[in-house]
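To start, the structure under review is shown below, and the notes come after it.
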Amino acid sequence: MLAVEVEATVGGMDLRVKLPAHPGATVIVGPNGAGKTTLLKCLLGVIPPRRGRIELCGEQLYCSEQRIDVPVGHRQLGYVPQHGALFPHMTVLGNVGFGVRGRKAARDDQAMALLSELGIAHLARRRGRSLSGGEAQRVALCRALAIAPRALLLDEPTAGLDADARPEIRRFLVDRLAKLAIPRVVVSHDLEDARALGGRVVVLESGRVTQVGTVADLQQRPATPFIERFAGTAQPMPRP
Amino acid sequence: MAGLLFAFMVLPVVALWVTLKVDDLLAGIADPRVVPALKLSLVTTFLSLAIIIILGTPLAWLLAQRDGRLTRLVETVVRLPVVMPPAVAGIALLLAFGREGIVGSWLGRIGWSIPFSTAAVVMAQIFVSAPFYLQAAASAFRAIDRDQLIVATTLGASPARVFFRVGLPLCASSLTAGAAMSWARALGEFGATLMFAGNLSGTTQTLTLAVYTTFQSDMRAAQAISLVLVSVAFTLLLVLIFRARGTTEGHP
């Protein structure tokens, strides 16, 4: 369960978001500059909110009233940034093992087991910088899962991939994320992502939540002109 | 037209090599000033480079992480020595660390005197050459994808681990290039050293000062020492460049 209520101001943009507790997948959509990535970074603890509360499975990660602010490294959140952001100088094994504790051999074993589980063990010896966009996304997910996260945050997992790789990665994500019993938050530009990942869709516009519902809700009762345009076409949103 | 500047820059370098007879070169190298000056230059420049790297790398990392007014102010201040004429730098160092200087007068009371010592040579070199390293390091650190650092932190890495395992390896080649530029500047240091450290053979007479001193009596000997100086500089620069190229192999 992840419950969020945050207010933050970053670079002139005022973010006020309240999301009731939700156990499964939350897909956050919205136009560029709506505050989607800022919201993710508030959850991660990278951007300090002005005030609010973030509660994960009964534990407060942040609470302005009680002055609780769990440091980034102690929140145990799996983060998959845009384009994966792999460590380019390390091997895939090194990337995945980075967050695992223990001796080198044990770390490697655990990383290898995870790579095999995700069906990408053949990439283990490759350098981070030598991977394609789709491969990088898979490894980035694997790296995030290696710390046994209590929640998973993905920023635009299908953005920047070519048309062939996108459905493949989407299928991969749907497949993997469905097996997880932890809250998942996925920021996306793409209605297809929202449809495929299921769960609730949260629409963010200019730092405010304008609608929460399923893709069908958005299509049948769009609350704003943006949602009408967004849900009306199954095409990915054009990036300006 | 396009080649004019190139020709102008190459000609003096060529002249330095071709106008000297082998006998003169050997005689010049045999000058008693050469060996102590070469030794002093190598020792002091490596010492100053080591201090710059050890103290400068964390400073550059810090500057790259922040983006406030104080950061910009600090960055501007550490860049000042680049635009400061070396002779002025020498005066400034004397006013700070000289016998009558702000800090120097205090040091004097506990029996420490910095000017005209080897320490002064190192200090002059650090002052004029640190900006080259700091600037290269700060811009390299700033070019790192923020998300890589954020991910490393979410994976539970301490700030030190983020720095040593992610930041430092990603910038290794830029840092090496910055260190090479900084070291070359220190090796060529003349003005500030002369004002602040003097020109004492064996203690403060570096290769550049030896060139200047010899030049007043014997042009050929000065040229021979110059050749030693540029040979050392070119060799080390080449080594650094090739090593840097080795570590960047495979970069996109």
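We did not get these values from a lab; they are worked out from the coordinates using the rules stated. This structure is a prediction, so every number in the text was calculated from the model and none was measured. Cβ coordinates were reconstructed from backbone atoms using ideal geometry, including for glycine residues, and neighbour counts include every protein chain displayed.
Values computed for the structure shown
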{"read-out": "Cα pair distances in the stretch B:126-229, grouped into 10 Å bins until the bin that holds the longest one, percent each", "value": "14, 30, 22, 16, 12, 6, 1"}
{"read-out": "log₁₀ of I(q)/I(0) at q = 0.18 Å⁻¹ - the stretch A:149-240, Debye sum with one point per alpha carbon", "value": "-0.85"}
{"read-out": "Segment B:SER158-B:ALA7, length gained on full extension (0.36 nm per residue, minus Cα span)", "value": "49.1 nm"}
{"read-out": "Value in Å of the Kirkwood radius, where the stretch A:49-109 supplies the Cα pairs that are averaged", "value": "14.2"}
{"read-out": "All Cα pairs of chain B, percent lying beyond 29 Å", "value": "42"}
{"read-out": "Given charges at Cβ of Lys, Arg, Asp, Glu: chain B dipole, positive-most of B:MET219, B:GLY68, B:VAL230", "value": "B:GLY68"}
{"read-out": "Check: the protein assembly as shown dipole with +1 on Lys, Arg Cβ and -1 on Asp, Glu Cβ, in debye", "value": "740"}
{"read-out": "Convex hull of Cα atoms in the stretch B:10-147, direction-averaged projection (nm²)", "value": "12.8"}
{"read-out": "Low-density loop positions, GluC sites (Glu not before Pro), the stretch A:1-109 - DSSP coil, at most 13 other Cβ in 10 Å", "value": "A:GLU65"}
{"read-out": "Three-way shape call for the stretch A:72-190 based on the alpha-carbon gyration tensor, with the a/c threshold at 1.5", "value": "oblate"}
{"read-out": "Relative contact order (%) - chain A, alpha-carbon pairs under 8 angstrom, separation at least six", "value": "25"}
{"read-out": "Mean separation of Cα contacts under 8 Å (6+ apart) over length of chain B, as relative contact order %", "value": "31"}
{"read-out": "P(r) histogram, all alpha-carbon pairs of the protein assembly as shown included - 10 Å bins from 0, percent", "value": "4, 16, 21, 18, 13, 12, 10, 5, 1, 0"}
{"read-out": "Given charges at beta-carbon only (K, R positive; D, E negative), |dipole| of the stretch A:13-157 in Debye", "value": "320"}
{"read-out": "Measure of compaction for chain A (Cα Rg per 2.2 N^0.38 Å)", "value": "1.01"}
{"read-out": "Dipole-positive endmost among A:ALA121, A:PHE230, B:PRO12 within the protein assembly as shown (Cβ charges, Cα centre)", "value": "A:ALA121"}
{"read-out": "Under DSSP loop assignment and at most 14 Cβ neighbours within 10 Å, longest trypsin sites (Lys or Arg not before Pro)-free interval of chain A", "value": "A:180-240"}
{"read-out": "The stretch B:159-252: relative contact order in percent, alpha carbon pairs under 8 Å with at least 6 residues between", "value": "33"}
{"read-out": "Binned Cα-Cα distance frequencies in the stretch A:1-110 - 5 Å width, integer %", "value": "2, 10, 18, 19, 17, 13, 11, 7, 2, 0"}
{"read-out": "Computed [θ] at 222 nm, helices only, for chain B once each DSSP H run of length n ≥ 4 contributes -39500 (n - 2.57)", "value": "-24500 deg cm²/dmol"}
{"read-out": "Share of pairwise Cα separations in the stretch B:60-124, more than 17 Å, in percent", "value": "54"}
{"read-out": "Percent of alpha-carbon pairs separated by more than 13 Å within the stretch A:91-150", "value": "53"}
